[in-house]
Amino acid sequence: MIGDVMDLTARRAALLISVFTLSIAIAGGVVMWIVDRQDFPTLGSGMWFAMQSITTVGYGDRVPTSTEGRVIATLVIIAGLGFMSVITATITAIFVESARRKRRVPAEITLDHIADRLDQIERLMHERLEPDQGGADRGDGERLQRGPRM
């Protein structure tokens, strides 16, 4: 169980970061609405500001003017910058890992690998032909009959 939790893949990291960032956006929007009602009279306006800040769009149609609002905005913006940086790094890591796997596959095919595979094929053929020892193969799939001819 602990090993599963500690095994942080790029997909899990992206999910974790997304949930954290969404939580920051929601909390930031709610707190902005509670603390700075003059600039953010509705919950929607607080959420709109938080989403703009998280995504680093920053239209500027809603801006905090109070000190408390600016502190909250700073925290939301920092979370947004972290989110964008980590998501970009995660996507890049996925592409790099995919390219590395594609390059590695041909390098793994060596003469030893081919010889091992041929040995496996030979064993399989031997196992399949063993029960059929009653007659020899003429080469066209038909069996030659053994024994006395009359």
- Query: Restricting the search to the stretch 47-57, which residues are hydrophobic (A, V, I, L, M, F, W, C) and surrounded by fewer than 16 Cβ atoms within 10 Å (Cβ to Cβ)?
  - Reply: Val57
- Query: Given the residues Gly60, Gly44, which is the only one that is without any contact (Cβ under 8 Å) to a residue 40 or more places away in the chain and either surrounded by 14 or more Cβ atoms within 10 Å (Cβ to Cβ) or assigned to a helix (DSSP H, G or I) (or both)?
  - Reply: Gly44
- Query: Given (1) more than 14 Å from Gly80 (Cα to Cα); (2) in a helix (DSSP H, G or I), where does Gln38 come up short, assuming only one miss?
  - Reply: (2)
- Query: Which one of Phe95, Phe49 is aromatic (Phe, Trp, Tyr), under 29 Å from the mean Cα position of the chain (by Cα) and assigned to a helix (DSSP H, G or I)?
  - Reply: Phe95
- Restricting the search to the stretch 115-133, which residues are surrounded by 10 or more Cβ atoms within 10 Å (Cβ to Cβ) and modelled with pLDDT under 85? Asp132
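The values are calculated or read from the model by the stated rules, or taken from the named source; none is laboratory data. Since we're looking at a predicted model, the values are computed, not measured. Cβ coordinates were reconstructed from backbone atoms using ideal geometry, including for glycine residues, and neighbour counts include every protein chain displayed.
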